[in-house]
Amino acid sequence: MGRNRYFIGIIFAFIFLINAGIMVGCWDQTEIEDLGIIVGVAIDKPKTAEGKEEEKKESERNLSYEKHRLTVTQQFVVSQAMGSKESSAGMPSQEAYSNVASEGNTLFQIASQFSTMSSRLPYYKHLKAIIISEEIAKSLNLEQLLNFFLREPEMTRDIQVMISKGCARDVLEVKPIKERLPVLALLSLTENEKKTARMAEKLMLGNMSKKMANGSSFLIPRVVTYGDSVQLAGAAVIKGKENTMIGWLGEEETEAINWILGKIEGSAVETVDKETKEFLVYEVKEQRSQIKPKVEGEKISFVVEIESEGGLGEDWLISGDAFEEAFMQRATEAIREEIVSIIYDGLTKTQKEFKVDVAGFGKQLYVQYPEVWEKVKENWDEYFSTVPVEVNVEIHVREFGMKGSKSMQHE
Amino acid sequence: MNISPKDKISTVQTAISVTLLTIGVSILTVPRAITEAVKTPDGWLSILIGGLIAMAGGYLVVSLSRRFPGKTFFQYNQIVVGKTVGLLFSILLIIHFILLSSYEARALSELVRIYLLGRTPREVIVILFLTTGTYLVVGGINPIVRLLEAYFPIIMLLILIGMMSGFQKFELDNLRPVLAQGIGPVFKGVRAVLISYVGYESMLILTNFMQDPKKAFKAVFAGISISMISYLLIFVVVIGMLTVEEVQLLTWPVASASMEIEVPGGIIERFEPIFLVLWILTIYTTFVLSYYFAGLGLAQLFRKDINPFLYGLLPIMYIAAMLPPDLNAVFKMGDLNGYIGIVSGIFIPLILLGIIWIRRIGNGQK
């Protein structure tokens, strides 16, 4: 009897041991060293006709091949180099990233091709930025193009989307000085929207998906490469419903849209004093805006109320004396006029030239006059180009810093 | 098999059971199910109206059950409508609970595959889920409700935290204009939302498990109200975050919304694993309850011990869970089951009450 018990005990111990080996949750385990963490993706049109011969045979199978040809560059993190410190002896240390490019028709297909080219498994959970080249954005519907990223559960909805002037791959090639990864350097640029209004509001994949679902037009931040530096300024205009790029907005025009959207957290506005022809700089500290639709009979119009608070950041006027109320009023007026003209310039460009509504006028009309919206929503972008928009700007220059006046005028 | 005294549950436990049986997979899909029907941001009104209808249903179910103290639906329906029809009603309710538990198990496996274990076969997840459920269910109603009692605050807290953190991306304009196309679309939404309220029909059984059946009305109304508030909160936040148009395009809108939440300070980069805990808990609670009710129904039909039936249900639930070939079929299965739930939660009680009223049978509510 005692022996029997002993035997059963051993069997149970054995079962538990086997269980411990089987039941640990390692079914999907992959060691982090084996993952090729991808932080950035650049989508381009193939540059040259290399390997065309082979493809031509394939393309007979599918005529739309040519149109959809994409080159995708992925930025992998080299995890070993990420941790190591710069070598002190001036030895060139290993790059913390590597860019791998591949060509194909669909993004999923290209992504799986990377598995044949990279020693690590491509891993998208930390993908941070998608850069699309101008050429691609102009020729393809972005909803179709980005479908892969929105469908794949491995990706989050807060991946940032940007459009590059010129080749998108170049953006991933620019070697940053202060950061280890080009993509991270680019992302820290987007954080600077607190200091400038000249870049379009950062656009997450999820927000973009919403805008495309609504059929509204929108802006995507523009990224430009100059040799070995990148700049994030201006915006690409995407026409709603078609979801293709129709043109660029310059830095000031982007600023104008930001004023209307009321999203400026800090910026500088440069203006010229009328009397002395000298420069004045207004530092925007706070900004609010409100789009008010007006409907009178059949006529739709909008009033944009903009209010801003800030300080006088710099003035080149010899007579400039911020302690004097009259001067402050003169400066305020000059700044106000400058801002109004910036806004009208940007608005004219989007409304009259591109014929799109990128500042959410349509949404406000829908929210406040849904029955009017029902009549015009089908062709809203077209219709909007004929709608009068009035812009009222109110500026409060509340501060003038540590030094209000200059010595020259007291001599 | 009659209910022994130790199987009695309190009023609070009953209310919690009703809530947790109601909010299962539906908290993940309710914004899409409604907006697909309504197409305007007024779906929250549908949730309110649907909740009121569910409460009316709850009233019917409880007032029916209270006429037969100590007996569950499976036992008393034969007294009212006779053996054959009563058997049919019982079988319908049992099928409803079997389908509900299979649907929850399958939907959970789909979610886990998306967010957690991409390469683990569905079969493995479903089998593990079913067996953990069995482990709890064979203990009887008391262990189940006590576990639910423990889970309930966690689930509510997670819903609250999740939806509060969603407010960072919330835009009120996405919920406006109110009633732009009149009240018509709202009623279209009510039909869609009623499916999500299925769960209160469990009072056909639970009423007679209660220590104090007089408080059954209180319990069912509280249960439905808590589910209604949860649905409202989730709907408002998710539509405010994602817009009406986008919600209709997403497979798991609530999960996608959770993917947009940024954790302040960047301590953790991805927020969804926390939500996954929430989904698993809510789905598990729905699953164990419906599994138990299905087993109980069979046991009472055959007047035998419940445990063999619970084990016997395992392969049936597994097959039913694996039956839908793809995700669309899974959602269809959920909808179909929702309709069966409405039939057993509104129409059957109405019929039975009608017959009782005509034939003047039953007691207990004098």
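Nothing in this text is a laboratory measurement; each read-out follows from the coordinates by a stated rule. What you see is a predicted model; the values in this text were computed from it and never measured. Here the Cβ is made from the backbone with ideal geometry for all residues, glycine too, and neighbour counts use every protein chain on show.
With everything on Cα atoms, drop me the angle between helix A:107-117 and the longest principal axis of chain A, reported from 0 to 90° to the nearest 10.
Taking Cα atoms only, the helix is inclined about 50 degrees.
Where in chain B are the DSSP H helices whose C-alpha atoms run 30 Å or more along the long axis and whose mean Kyte hydropathy is at least 0.0?
Within chain B the helices that satisfy the rule are B:43-65, B:83-115, B:141-166, B:216-242, B:272-302.
Give me B:Val330, B:Val343 sorted ascending by neighbouring Cβ count inside 10 Å, so fewest comes first.
B:Val343, B:Val330
Pairing the Cα long axis of helix A:2-23 with the longest principal axis of chain A, what angle in degrees results, from 0 to 90 and rounded to the nearest 10?
That works out to roughly 40 degrees.
By count of other Cβ within 10 Å, fewest leading, how are B:Arg176, B:Arg359, B:Arg67 ordered? Before the final figure, lay out the partial values.
Numbers: B:Arg176 16, B:Arg359 9, B:Arg67 20.
In increasing order of surrounding Cβ atoms, one gets B:Arg359, B:Arg176, B:Arg67.
In Å and from the alpha-carbon atoms only, list the Rg and Dmax of the protein assembly as shown.
Spelled out, the Cα radius of gyration and Dmax of the protein assembly as shown are 32.2, 116 Å.
From the cross-link list A:Lys211/A:Lys294; A:Lys195/A:Lys263; A:Lys175/A:Lys195, which pairs have alpha carbons spaced over 18 Å apart? Write down the numbers at each step before the final one.
On the way: A:Lys211/A:Lys294 24 Å; A:Lys195/A:Lys263 12 Å; A:Lys175/A:Lys195 24 Å.
Check vs 18 Å cut-off fails for A:Lys211/A:Lys294; A:Lys175/A:Lys195.
Near B:Leu353, within a Cβ-to-Cβ distance under 15 Å, what is the net charge of the other residues, with Lys and Arg +1 and Asp and Glu -1?
Values: positive: B:Arg66, B:Arg67, B:Arg359, B:Arg360; negative: B:Glu201.
Taking every other residue near B:Leu353 into account, the sum is +3.
If you rank A:His396, A:His126, B:His96 by fewest surrounding Cβ atoms within 10 Å, what's the result?
Exposure proxy ranking, most exposed first: A:His396, A:His126, B:His96.
With the dipole of chain A worked out from charges on the C-beta (+1 for Lys and Arg, -1 for Asp and Glu) around the Cα centre, which of A:Pro370, A:Gly250, A:His396 lies farthest toward the positive end?
A:Pro370
Under a GNM of chain A (C-alpha, springs under 10 Å), which listed residue has the highest mean-square fluctuation: A:Phe16, A:Phe354, A:Phe327?
Maximum fluctuation in the GNM of chain A, among the listed residues, is at A:Phe16.
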